[in-house]
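A quick write-up on the structure given underneath.
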């Protein structure tokens, strides 16, 4: 292929030309969501980052198998491999089956990813559907001598593995340093050392999600599922493994150890990680009060939000930063993204109305090449977007008679918009696809504003009338200390 994509390989810490194992086929695995809560901005960034990669590989002509898992079992509450499975805990609190929780939040995840125009993966396996593969993988690791059993639970022997292989190669850690700076945590008495991790856990009497195994009735460790499923669908060696920086250690480090122990091979050729999202300079967290779900972004129902934001605005906001850089949310940044996206869409929609001249004062082929170069340089979406704004300048200047464009230029500008803006960046007109939701969000913001003014004037009759008539059409208004929130009844 003439066009060569370079990607930053976290394992080697440098940009490398992407060369798949079996061209024109390319295999990529991305760690998907743990489905026990509503998707938030932190879920959106890896989804959009690897959607951009998926679209780019397809654009380059690779037949791409994109595998993104659903974690619906085995995700414990702490790094000591102790505590309650998060999905089982939610199911116990709500008094439903764990798989009801998993299905509900999987559906929610799909709904919001669709709104963000994230393409569905080729295969979306669930951890609970691959218990046999995970048990087989544990048996392979046992045979290789890197696992041990204690009271029905099975752990990976990190210290023994590190004698022949470098545990910490991906994250740049050294095991001796890790052990010297680690305190013993409660619940780790079964382990030979604190950095051993669970391959299989014996279920306690109250544990809901459990399966029979050669060691006990229990459930697989969190790290095990990705190794088992990526191997099943992509083979013992495949091209790309992706995920957020928060998964680099220990999750991805443990994946490497499991694969090498079981197969003797480095399974992944290119490790890629997107960076984190902060909110007004702070890490996002529920305890900080800055945890914002995607639904809250789309409805504006959060105390930190000045308005609701369209899904395409969120997508454009994320793409404006390089995937390896930290991205900081603020209302000002999102509002600027909204204006920029509208400017892009307005200009590109007017390309068809440009009048062709015999002579051209612009170089559209060069601009198209610059778009390609940015994309192929480790998915440099900010530079690509900057080049698209140069196209906007040309379009607007041509409309004002300050530039002249030929018929071929007009076709070239349309091709740039179709290829880079719509196909690869996955952007669309903010009013397309979700216009009913946008209209509803806008109307509700107006009504909540009128009701707020009425309450401030102590006009409780009007305030109650708005609340009651909305309730009659199945919309619930809830007054909180941070203001009014609305939801469908």
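In this rough spin-label picture, where each label sits 7 Å from Cα along the Cβ direction, the residue 325-residue 446 distance is 3.8 nm.
Our helix-only sum for the chain, with -39,500 (n - 2.57) per DSSP H run of n ≥ 4 divided by its residues, gives a mean residue ellipticity at 222 nm of -13500 deg cm²/dmol. Take each peptide in 23-33, 7-17, 216-226, 320-330, count the other Cβ atoms within 10 Å of every residue, and average; sorted highest first, the result is 216-226, 23-33, 320-330, 7-17.
Any chance you could give the angle, 0 to 90 degrees and rounded to 10, that helix 222-234 forms with the longest Cα principal axis of the chain? The two axes meet at around 70 degrees.
Once the Cα-Cα distance is subtracted from the 0.36 nm per residue extended length, the residue 468 to residue 107 segment shows a gain of 126.9 nm. The value of relative contact order for the chain, using C-alpha pairs under 8 Å at least six residues apart, is 16 percent.
Could you point to the label whose value was computed as Rg/Rh (Cα atoms, Kirkwood Rh) for the structure here, given (1) 1.02; (2) 0.99; (3) 1.07? Label (1) holds the value from this structure. For the range 6-274, averaging the sequence separation of C-alpha pairs within contact (under 8 Å, six or more residues apart) and dividing by the residue count gives a relative contact order of 25 percent.
For the range 238-289 versus the range 341-411, the inter-centroid distance based on Cα atoms is 37 Å. Relative contact order of the range 59-100: 24 percent, from C-alpha pairs under 8 Å at least 6 residues apart in sequence. Between helix 435-456 and the chain there is an angle of about 90 degrees, using the helix long axis and the longest principal axis of the Cα atoms. Compared with the direct C-alpha span, the chain from residue 389 to residue 480 gains 28.6 nm at full extension, assuming 0.36 nm per residue. The label point for residue 303 and the one for residue 460, both projected 7 Å from the Cα toward the Cβ, are 2.4 nm apart. Sorted largest first, the spans of the alpha carbon positions of the range 278-424 along the three principal axes are 63, 30, 22 Å.
Short to long, the 5 Å bins of the Cα pair-distance histogram for the range 6-274 hold 1, 6, 13, 17, 19, 17, 14, 8, 4, 1, 0 percent of all pairs. What's the center-to-center distance, using Cα atoms, between the range 78-125 and the range 57-77 in Å? About 15 Å separates the Cα centre of the range 78-125 from the one of the range 57-77.
Within the chain, DSSP assigns beta bridges of which about 55% are antiparallel (rounded to the nearest 5).
Inter-label distance, residue 356 to residue 4: 3.7 nm, where each label sits 7 Å from its Cα along the C-beta direction. Computed from Cα atoms, the angle from the helix 41-59 axis to the main principal axis of the chain rounds to 80 degrees. As a rough guide to protection, the peptides 243-251, 36-44 ranked by mean Cβ packing within 10 Å, highest first, stand as 36-44, 243-251.
Taken together, the values in this text are just the output of simple stated rules run on the coordinates, not laboratory data. It should be emphasised that the depicted structure is a prediction, and the values quoted were computed from it without experimental measurement. Here the Cβ is made from the backbone with ideal geometry for all residues, glycine too, and neighbour counts use every protein chain on show.
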